[in-house]
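Below is one structure, written out as structure tokens; the observations come after it.
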Amino acid sequence: MEASEFKRVFLPHQRLLYNIALRLSGSPPDAEDLVQETYIRLWKQRDRLASVSNHQAYAVTILRHVCYDALGSRRPEGMIVTFDSSVPEPPAESDTDTEIDRRETAATVRSLIDSLPSPQREIITMRDIDEMPFDRITQLTGMTQGNVRITLFRARRQIKELIKRHFRL
């Protein structure tokens, strides 16, 4: 694969790769480094990339391996939530105390999601926050749709338990 074709095929996926790396690492500089390392690994494999049918899924798979290699079992200190736009804006006449409570609750739920194991955290984020369809999640993770659904079910169940404990329900 020539450099121009490589750029045409893989550079459009840079934003997606960065967002995934940011979720996994919790640090913008680390995420940038992880994406750069992903592109280096892809470039080293350029002779074999012609046989890849889904370039985006392949790039995400390489990124996940790079992240797991770099991060090992280390948990990021403070996960950065990159999709705050998923929380709808309150109406203009919203009560300030209610708004503060809503934001605190949303931040707590986000931190509980961040405490999940990596596959569960990734899948619940893709499905429930990013609202991706199951077929897209299976492409990006390389898991079967059944495994994605089971992992999502377990993640949701775990979040419910964590919410009950946290809010003492």
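Laboratory data are not the source of any read-out in this text; all were calculated from the coordinates shown. Keep in mind that this is a model prediction, so the values were computed, not measured. Glycine gets a Cβ as well: all are built from the backbone with ideal geometry, and neighbour counts include every protein chain shown.
Each residue of segment 152-160 was assigned a 3J(HN,Hα) from its phi angle through the Karplus curve 6.51 cos²θ - 1.76 cosθ + 1.60 (θ = phi - 60°); the sequence is 5, 4, 5, 5, 5, 5, 5, 4, 4 Hz, with glycine and proline shown as x. Rounded to the nearest whole Hz, the Karplus-based 3J(HN,Hα) values (6.51 cos²θ - 1.76 cosθ + 1.60, θ = phi - 60°) of segment 109-114 follow the sequence 5, 4, 5, 5, 4, 5, with x at glycine and proline.
With the simple spin-label model, which puts each label point 7 Å out from Cα in the Cβ direction, the Asn19 to Asp135 separation comes to 1.9 nm.
Annotation: amide H-H contacts under 5 Å for Gly26 (H modelled 1.01 Å from N, sequence separation of 5 or more, or interchain): Ile80. May I ask you to list the residues of segment 17-44 whose amide nitrogen lies under 17 Å from a point 7 Å from Cα along the Cα→beta-carbon direction of Ala106? Counting only backbone N, you get no residues. Counting only Cα atoms, segment 17-75 measures 35, 19, 17 Å along its principal axes, largest extent leading.
Sequence-ordered 3J(HN,Hα) estimates for segment 128-138 from the Karplus curve with 6.51, -1.76 and 1.60 and θ = phi - 60° stand at 8, 9, 7, 6, 7, x, 4, 5, 5, 5, 5 Hz, glycine and proline given as x.
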